[in-house]
Amino acid sequence: MITDFRLKVFKTAADKLSFTKAATELFISQPAVTKNINELEKQLGTPLFLRHGNNISLTAGGTLLLKYANRILSLYSNLNSEFSTEGNIQEGNIAIGASTTLSQYVLPGILAKFKRHYRNIQVTLVNGNSEQIEKMVSGMQLDIGMVEGNASDHTLHYEPFINDELILVTASANPFNKDEITPEELKELPLVIREWGSGTLDIIEHTLIKHNISLKDLSIEMQLGSTESIKHYLFNSDAFAFLSIRSILEELSCNKLKVIEINNMVINRNFNFVTLHGQNNRLTNIFKQFCTEY
């Protein structure tokens, strides 16, 4: 496999902001990490990290180098992939980023099966909201993203993966006694929603606009950054939330949450693969095909 190990050491240390964590991930000693960084700094004639006791941070030069390191290492990955064949492509690394619903409720089962099939392909999964994942793909920190919501970045290529539905739920212990409401009644309910930048919130907002309702019309009680935190908030309150049907199957079967239907309102969404335009990595293509078939 062709690569630039010194750049790989730098990128790992820059991503982790720790020489110790970089050494652990790369299976080398911490002095070896320091040596490689020092040699790069000597070559470039500028410090790459600021040392603050046991902590480090990137200098302006380090930030600039990281930008180029992401591009260069991505090109090496594509090069190695192009010179592999379907028959012998049994090793490599894929960095995947996925939005919350996918990373918690969809991907773990897929990744377990993928690992059994491709034992020597190392997979790293990063969790974040759709906006964060798109930025990391655009910055070449990830090989592929899996996000919800509409295409929002013209530098990225979006491909459909699976469909999902968002439904309104509340705790089964909530004394609210209606099984069905109108869109107008939704305005009166205390709601817990996701943070700004979330693909889930984006889809909800677009659907509400079709019913002449804006987010400002809603009674928003709380904004939380993950599906799990929202579920636990619901368990301890009389609030309501829109959650993926894929994320609450267990809670519905255990009667911890109940569904509230909304007349003439269905919130469907697509999950998409997202990659940089023009980036064609064979390992990434194999992973996409495996996910789609699964």
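Observations, loosely collected:
- Here the relative contact order of the chain, from alpha carbon pairs under 8 Å that lie six or more residues apart, stands at 22 percent.
- Within the chain, the longest run free of trypsin sites (Lys or Arg not before Pro) that sit in a DSSP loop with at most 11 other Cβ atoms within 10 Å is 1-118.
- Where segment 183-261 is the region considered: accessible area per residue in Å², 1.4 Å probe: 50
- The chain - mean residue ellipticity at 222 nm from DSSP helices (-39,500 (n - 2.57) per run, n ≥ 4, rounded to 500): -12000 deg cm²/dmol
- Zero-based 5 Å bins, Cα pair distances in the chain, whole percents: 1, 5, 10, 13, 14, 13, 11, 10, 8, 6, 4, 2, 1, 0, 0
- For Phe5 and His206, a Förster radius of 45 Å and the Cβ-Cβ distance give a FRET efficiency of 0.45, rounded to the nearest 0.05.
- Within the accessible area of segment 90-213 (1.4 Å probe), percent carbon and sulfur: 49
- The chain: most fluctuating residue of Ile209, Ile193, Ile110 per GNM, C-alpha cutoff 10 Å: Ile209
- Within segment 152-211, the proportion of C-alpha pairs whose separation exceeds 13 Å stands at 75%.
- Rough spin-label spacing in nm, given labels placed 7 Å along Cα→Cβ, for Asp238 and Leu215: 2.7
- Taking a sphere under 14 Å around the Cβ of Gly225 and counting the other residues whose Cβ falls inside, with K and R at +1 and D and E at -1, yields a net charge of -1.
- Selection among Gly61, Val126, Leu215 by position relative to the dipole of the chain gives Gly61 as farthest towards the positive end (Cβ unit charges, Cα centre).
- Subtracting the Cα-Cα distance of Thr24 and Leu75 from 0.36 nm times their residue separation leaves 15.9 nm of extension gain.
- Calculated from backbone phi, Karplus (6.51, -1.76, 1.60) coupling profile of segment 28-42 in Hz, x at Gly/Pro: 10, 7, 5, x, 5, 4, 4, 4, 5, 5, 4, 5, 5, 4, 5
- Out-of-range pairs (alpha-carbon distance over 21 Å; input Lys231/Lys256; Lys21/Lys288; Lys187/Lys256): Lys21/Lys288; Lys187/Lys256
- Across segment 144-283, the relative contact order, built from alpha-carbon pairs under 8 Å that are at least six residues apart, equals 51 percent.
The values are calculated or read from the model by the stated rules, or taken from the named source; none is laboratory data. Just so it is clear, the structure is predicted and the values come from calculations on it, not from any experiment. As a convention, Cβ positions derive from the backbone with ideal geometry for all residues, glycine included, and neighbour counts pool all protein chains shown. Surface areas here come from the heavy atoms of the whole protein model, side chains and all, with no ligands, DNA or RNA. Shrake-Rupley method; radii C 1.70, N 1.55, O 1.52, S 1.80 Å.
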